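Working notes, structure below.
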């Protein structure tokens with residue numbers, strides 16, 4: 001479910017629907033393609049800023065490869081905020097070079113990864129250059145996201161173990177609150193709901209009840225833990241060495257159920273969603289009714305985004321049916 005981060009519309013939608021697997025793209029990393037890829041971030045940063053970033057990218061990649069003794073291999077699929085390259089260091093160890101035109105955003109993400117490092121569930125930071133908006137990360141192998149068609153979906157027990165480790169992170173130093181992010185989310189998703197084509201299928205009364213339910217859940221949350229804040233299956237990698245590994249955290253303090261709903265909602269009809277939500281609630285040790293209530297909120301929000309970008313389709317119908325029955 002959308003954690004309210006400052007992203008463009010396409011990136012926000014990635015929060016609700018399964019991404020393509022984060023595999024390699026067999027494209028030679030030339031200066032020309034670096035310029036093009038950098039300029040391709042215009043949805044998030046605007047045409048002028050993205051073009052400037054693209055023009056500067058070949059020189060920046062050259063400087064970083066020399067400074068950090070890297071060999072660049074291929075592009076990795078990424079979101080709307082950065083360019084991600086598969087690399088290897090001087091010893092041949094695999095790594096990931098991530099560069100963003102938003103230096104502050106990437107520096108904050110590095111801080112979050114440092115915060116979660118003791119959990120063993122995030123990639124290690126090898127090098128960072130905050131002034132250039134670059135970070136060198138451990139490359140998780142094989143590195144497919146767990147929603148990739150190449151992989152079987154993780155089990156409930158695997159996901160519960162990931163949640164247990166992430167939520168054990170210390171709250172010290174984490175100041176962002178889930179409550180604030182949800183309020184921002186209500187405004188953004190509410191704008192989509194007011195589109196007549198969406199409103200026809202998600203009427204005002206349904207949206208208002210969803211917002212009220214979410215606020216009620218936030219207000220009744222007695223257990224505020226450090227949550228990843230963006231734990232959809234496209235942000236979890238399969239690792240031979242570490243099991244499931246989370247990437248791109250948006251840390252905040254809040255209800256642990258917030259990190260759980262995307263796994264429950266990933267596929268299937270209303271009965272399957274409810275069954276999976278119940279299984280995960282039992283495995284993690286949270287109240288089943290609370291988990292189902294968060295899943296209902298997620299279903300309505302996801303359906304609004306799917307209707308916005310895809311129009312009416314079976315998945316949004318299943319989600320709205322689940323929400324109506326829960």
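Taking only segment 220-229 into account, find how many residues are outside any strand (DSSP E or B) and at pLDDT 95 or above.
3
So is residue 84 in the same structural domain as residue 39 (by TED's automatic domain parsing), closer than 24 Å to residue 236 by Cβ and part of a strand (DSSP E or B) or not?
For residue 84, the condition - in the same structural domain as residue 39 (by TED's automatic domain parsing), closer than 24 Å to residue 236 by Cβ and part of a strand (DSSP E or B) - is met.
Would it be correct to say that residue 161 is in a helix (DSSP H, G or I), surrounded by 15 or more Cβ atoms within 10 Å (Cβ to Cβ) and either outside the structural domain of residue 46 (by TED's automatic domain parsing) or modelled with pLDDT under 95 (or both)?
Criteria met by residue 161.
Would you confirm whether any residue within segment 146-158 is at pLDDT 95 or above, surrounded by 15 or more Cβ atoms within 10 Å (Cβ to Cβ) and within 26 Å of residue 261 (Cβ to Cβ)?
Yes: one or more hits.
Quick test for you: out of 92, 133, 120, pick the one residue that is surrounded by fewer than 16 Cβ atoms within 10 Å (Cβ to Cβ), at pLDDT 95 or above and either more than 23 Å from residue 50 (Cα to Cα) or outside the structural domain of residue 236 (by TED's automatic domain parsing) (or both).
Step by step, each of 92, 133, 120 is checked, and only 120 is surrounded by fewer than 16 Cβ atoms within 10 Å (Cβ to Cβ), at pLDDT 95 or above and either more than 23 Å from residue 50 (Cα to Cα) or outside the structural domain of residue 236 (by TED's automatic domain parsing) (or both).
State all residues of segment 189-212 that are crowded, with 17+ Cβ neighbours inside 10 Å and in contact (Cβ under 8 Å) with a residue 60 or more places away in the chain; if no residue qualifies, say none.
189, 192, 193, 198, 202, 206, 207, 210
If I ask for residues that are closer than 20 Å to residue 76 by Cα and in contact with a helix residue (DSSP H, G or I) (Cβ under 8 Å, 6 or more places away or on another chain), which ones from segment 91-120 would you list?
Scanning segment 91-120 gives 97, 98, 99, 100, 101, 102.
Is it the case that residue 43 is modelled with pLDDT under 95 and in contact with a strand residue (DSSP E or B) (Cβ under 8 Å, 6 or more places away or on another chain)?
No, not satisfied.
Given the residues 143, 173, which is the only one that is surrounded by fewer than 17 Cβ atoms within 10 Å (Cβ to Cβ) and either outside any helix (DSSP H, G or I) or in the same structural domain as residue 309 (by TED's automatic domain parsing) (or both)?
None of the other options fit; the residue is 173.
The values are calculated or read from the model by the stated rules, or taken from the named source; none is laboratory data. Because the structure is predicted, anything quoted here is derived from the model rather than measured. Glycine gets a Cβ as well: all are built from the backbone with ideal geometry, and neighbour counts include every protein chain shown.
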